[in-house]
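Report on the following structure.
The values are calculated or read from the model by the stated rules, or taken from the named source; none is laboratory data. Keep in mind that this is a model prediction, so the values were computed, not measured. Positions of Cβ are generated from backbone atoms using ideal geometry, with glycine treated the same way; all protein chains shown enter the neighbour counts. Side chains are part of the model used for accessible areas, which takes the heavy atoms of the whole protein and leaves out ligands, DNA and RNA. Shrake-Rupley method; radii C 1.70, N 1.55, O 1.52, S 1.80 Å.
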Amino acid sequence: MILLAVLFLCFFSSYSASVKGHTTGLSLNNERLYKLTYSTEVLLDGGKGKLEDSVGYRISSDVDVVLLWRNPDGDDDQLIQVMITAVNVENVNQQRGEKSIFKGKNTPKIIGKNNLEALQRPMLLHLVRGKVKEFYSYENEPVGIENLKRGLASLFQMQLSSGTTNEVDISGDCKVTYQAQHDKVVKTKALDTCKIERSGFTTVNQVLGVSSKATSVTTYKIEDSFVTAVLAEETRAFALNFLQTIAGKIVSKQKLELKTTEAGPRMVPGKQVAGVIKALDSKYTAIPIVGQVLQHACKGCPSLAEHWQSIRKHLEPDNLSNAKAVSSFLAFIQHLRTARREEILQILKAEKKEVLPQLVDAITSAQTPDSLEAILDFLDFKSDSSILLQERFLYACGFASHPDEELLRALLSKFKGSFASNNIRETVMIIIGALVRKLCQNEGCKLKAVVEAKKLILGGLEKPEKKEDTTMYLLALKNALLPEGIPILLKYAEAGEGPVSHLATTVLQRYDVSFITDEVKKTLNRIYHQNRRIHEKTVRTTAAAVILKNNPSYMDVKNILLSIGELPQEMNKYMLTFVQDILNFEMPSSKMIRRVLKEMVAHNYDRFSKSGSSSAYTGYIERSPHAASTYSLDLLYSGSGILRRSNLNIFQHIGKANLHGSQVVIEAQGLESLIAATPDEGEENLDSYAGMSAILFDVQLRPVTFFNGYSDLMSKMLSASSDPVSVVKGLILLIDHSQDIQLQSGLKANMEIQGGLAIDISGSMEFSLWYRESKTRVKNRVAVVINSDVTVDSSFVKAGLESRAETEAGLEFISTVQFSQYPFLVCMQMDRAEAPFRQFETKYERLSTGRGYVSQRRKESHVAGCELPLHQENSKMCNAVFPPQPESDNSGGWF
């Protein structure tokens, strides 16, 4: 007990209340040398916590501690010297045996001679009231070695009383809570409060984001009022929200124990600590105790040009539907993020036409200042020779995972210039809207460029310079979703022309329920019930959908239900199936609808037996306790049997977060004259038109026109093939999370998670007067890859966990209508193709000298294809034909 008593003297009784410097933290005795043992270890695994499945390492040593100086005016002001000796590096997992990367290697070879010398040089700690006021070491020591010293030094910082305070240590400026008990003091560090400069970014949308949990607990063991040991454990766990099999866990432990004491040197006299340190060794310098950034230069890595040549073949157009293309795309983005503008520009200028679009996707997705400068220098918006590349650049900007103000500023500057194509000008404004929303979601609404963009969008709607620009600004607002734009939307929805009115109501449909106020619903009720003017049924049905899905009142629901039976026949059927879909899918407003249906006047056979072919249906693609993927299909026909609107949506839900994965809307109007049919009320003077609009991952894209006007229709009917029109095609960086983590042991952890996909959404509309038949087709093809790379690095040894998940999938919707007689015949089909799902896991330990240990696992399964139900009558079709897949194979995602 005598040996224990001389470590970190903590007792209060030896000091009277009148002593100015009452001890509040650790304190050492004069002229004693404390011999301690110290170890820090780290384990890394996929979250299961099994030692045999983990990779990691342990660094152990002896530690000599001596008190050099104590302020004569107060015992709480001390200078101590800490010196590391007898360093050893080994596996935590002793089962490694012959496969151990440390076998046959001594410590100097593992750590490096210079690193070892630096690690064993003594450091000084100036402790005031138990907290580290200054940390002294030698200049120009390797950052990784200094951080290991900081990790040990931070253990000497503590207080003996309970309470919450802020402390600065290797983790940064953190909130800590002490709980003092008779046999121990427990310090809990709130790691999420730590202020430390580290690079990193993440995807704004939580569905595509990463959930993490971090804990830090340090226990100071006390026997008979004396501290005898320090045990610290820090845990960092993470999981990808979208696919929770992409997960990992880092456990970092530290242990400091007293072994013995012996006679030590006398204290250095002096009143000021600065003079004492100068007398000891003038080479000592005060450095921050906060961990510093550890960087590595890549040795033997290929140049950017060499990397591009090695993957170029995988990004050729014919190979884009393969997972290998997406893997190559993600790997190249990582390389681009370290590349200079000149390197990137050189590759752009040398590349051939067929691969350039994919190269533009990758460079734009890198989202660095150099990559942005390079792509803007390369593209000429005044030339019509590179319109495809300009469009790919703009869409990649819209899908940017973490856009900055500089990107928005660049697009605003381009919008003020001239364009060879008006379509590109419109796309620039639409994407500006998408960037505004993402920056606002990331607390950037007050940025100068964002304020300018908001004024531009709202000003363009309030006083458009050209009438045809109204649609462009509405589409930009559909992406930006500015709350201050709602009054303008209501004006266009109620008083605008048919297409403009319809677009304005679809913009309102995207707002959160909190913005659909009673005033908004009052206007939408006027539109639906045509209180002031006659509206097209596409406008009326959209207005009703906004009302019914956003906390409708009792009278809102009752008036809409009472209108069923008084509407045009196909609109009757559509509204009827829309209400039934809300009830069957148990949407939030279903409770209010059930209340109203208790009234016989609203719920009777006459009202609910209306015939027609229009429909609305919502169903599940995948469902688990953690997440759900849903789809919905709305089909609205005109009274003559011609498709008026087809709306296919796919959503991903995780908890309360959701992502609008895709929407493909095909619209047609003014085609009744072709079959000598009578148009519906309010649609007598519509021009012939058909087109397609799409939303992809919450970003509204520029609509595509099949034909516009009778003459355009006839020319395309005579010359058109059944080839689909591409709505969007390219490579998208969907998930993007990068995080540098300073572990309190001094080790550096890094987490990189990227998810990308190659996507091709196309649609077609065929119309035959001879056979009196129309056919619409929407085809989605995707290849998805998600990569995760987690490492823990000490500068001389690294442990890592790499995970990858990949799939190729397809979804196709076909609708055929024969309108030679009434009631017309409708055939609808939506097929999900069989999709392989592959997962790979690699764990490794690697020395800086090159020697390594690797463990690999692979798992493959198949998600069965099926025909998805499109109305209530066949709602169990998918499960009846194909058994549900185990959750472990495809839980929580699109797969």
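For the range 213-273, what does the accessible surface come to per residue with a 1.4 Å probe? Please give it in Å². Provide the component values of the computation, followed by the final result.
Numbers: 2790 Å² over 61 residues.
Here the residues of the range 213-273 average 46 Å² of exposed surface.
Would you mind checking which residues have amide H under 5 Å from T193's amide H? H placed 1.01 Å from N; only 5 or more apart, or other chain.
The answer is K175.
When you count, for each residue, the other Cβ atoms within 10 Å and take the mean per peptide, how do 409-422, 773-786 rank with the highest first?
Final packing ranking: 773-786, 409-422.
Mind checking the angle between helix 569-584 and the chain's longest principal axis? C-alpha axes, 0 to 90 degrees, to the nearest 10.
For helix 569-584, the angle is close to 30 degrees.
Give me a comma-separated list of calculated 3J(HN,Hα) values for the range 745-759, in order, Karplus coefficients 6.51, -1.76, 1.60 applied at θ = phi - 60°, integers in Hz, x for any Gly or Pro.
Going residue by residue, I get 6, x, 7, 10, 10, 9, 10, 10, 10, 10, x, x, 8, 9, 10 Hz, with x marking Gly and Pro.
Report R857's accessible area, 1.4 Å probe, all protein chains in place, as a number in Å² to the nearest 10.
It works out to around 140 Å².
Heavy atoms only, 1.4 Å probe, whole protein assembly: order E31, E566 by accessible area, highest first.
Details: E31 85, E566 150 Å².
The most accessible residue leads, giving E566, E31.
Please list log₁₀ I(q)/I(0) at q = 0.05 Å⁻¹ for the chain, using the Debye equation with identical point scatterers on the alpha-carbon positions.
Debye output, listed in q order: -0.39.
Mind jotting down the distance between the C-alpha centroids of the range 258-281 and the range 536-554, whole Å?
Taking the Cα centre of the range 258-281 as reference, the centre of the range 536-554 is 79 Å away.
So which of K213/K656; K133/K213; K349/K382; K109/K213; K416/K446 end up more than 27 Å apart by C-alpha?
K133/K213; K109/K213
In terms of the Cα gyration tensor, with a ≥ b ≥ c the square roots of its eigenvalues, is the range 232-332 rounded because a/c is under 1.5, prolate because a/b exceeds b/c, or oblate? Kindly include the intermediate steps, with their values, before the conclusion.
Values: a/c = 4.49, a/b = 2.31, b/c = 1.95.
Here the range 232-332 falls in the prolate category.
Run the reach check for K610 against lysines, Cα to Cα strictly under 19 Å, same-chain hits fewer than 8 apart removed. What comes back?
K537, K558, K573
Roughly how many nanometres apart are two label points built 7 Å out from the Cα toward the Cβ at H296 and Y605?
Once both label points are built, they end up 7.7 nm from each other.
So what does K349 come to for accessible area, using a 1.4 Å probe and Å² rounded to 10?
We get 150 Å² for K349.
Counting only protein heavy atoms and a 1.4 Å probe, tell me what percentage of the chain's accessible area is made up of carbon and sulfur. Kindly include the intermediate steps, with their values, before the conclusion.
Working: 18770 of 38350 Å².
Here carbon and sulfur together make up 49 percent of the probe-accessible area.
How big is the accessible area of T188 in square angstrom, nearest 10, if you roll a 1.4 angstrom probe over the protein chains?
Per-residue accessible area (T188): approximately 60 Å².
Report, largest value first, the span of the C-alpha coordinates of the range 286-358 along each principal axis, in whole Å.
59, 28, 22
For the chain, find the longest principal axis of its Cα atoms and tell me its angle to the long axis of helix 369-378, 0 to 90°, nearest 10.
Once rounded, the angle reads 40 degrees.
Once fully extended, how much extra length lies between C445 and K549, figured as 0.36 nm per residue of separation less the alpha-carbon to alpha-carbon distance? If you can, show how the numbers build up before the last one.
Details: separation 104, 0.36 × 104 = 37.44 nm, distance 2.77 nm.
Length gained between C445 and K549: 34.7 nm.
Using alpha carbons only, how many degrees (0 to 90, rounded to 10) separate the axis of helix 448-462 from the longest principal axis of the chain?
10
Cα centroid distance between the range 351-387 and the range 324-339, in Å?
Each part's Cα centre sits 15 Å from the other's.
If the cut-off is 19 Å between C-alpha atoms, which lysines fall inside it for K105, apart from same-chain ones fewer than 8 positions away?
Within the straight-line limit of under 19 Å, K105 reaches these lysines: K113, K798.
log₁₀ I(q)/I(0) of the range 333-488 at q = 0.09, 0.11, 0.14 Å⁻¹, via Debye over equal Cα point scatterers, no solvent, to two decimals?
Debye curve over Cα of the range 333-488, log10 I(q)/I(0) at q = 0.09, 0.11, 0.14 Å⁻¹: -0.29, -0.43, -0.68.
Suppose all protein chains stay in the model; what accessible area per residue would a 1.4 Å probe give for the range 440-595, in Å²?
Averaged over the residues of the range 440-595, the accessible area is 44 Å².
Pairs K195/K748; K187/K255; K467/K549: which are spaced more than 22 Å apart, C-alpha to C-alpha?
Listed pairs above 22 Å: K467/K549.
Could you check how many percent of all C-alpha pairs in the range 179-238 are farther apart than 18 Å?
Result: 53 percent of Cα pairs exceed 18 Å.
Can you give the calculated 222 nm mean residue ellipticity of the chain, where each DSSP H run of n ≥ 4 adds -39,500 (n - 2.57) and the sum is split over every residue, rounded to the nearest 500 deg cm²/dmol?
Computed mean residue ellipticity for the chain: -8500 deg cm²/dmol.
Can you sort E806, E406 by solvent-accessible area, 1.4 Å probe, largest first?
On the way: E806 20, E406 95 Å².
The ranking, largest first, comes out as E406, E806.
If you consider only alpha-carbon coordinates, what radius of gyration and Dmax does the range 312-404 have, in Å?
12.4, 35
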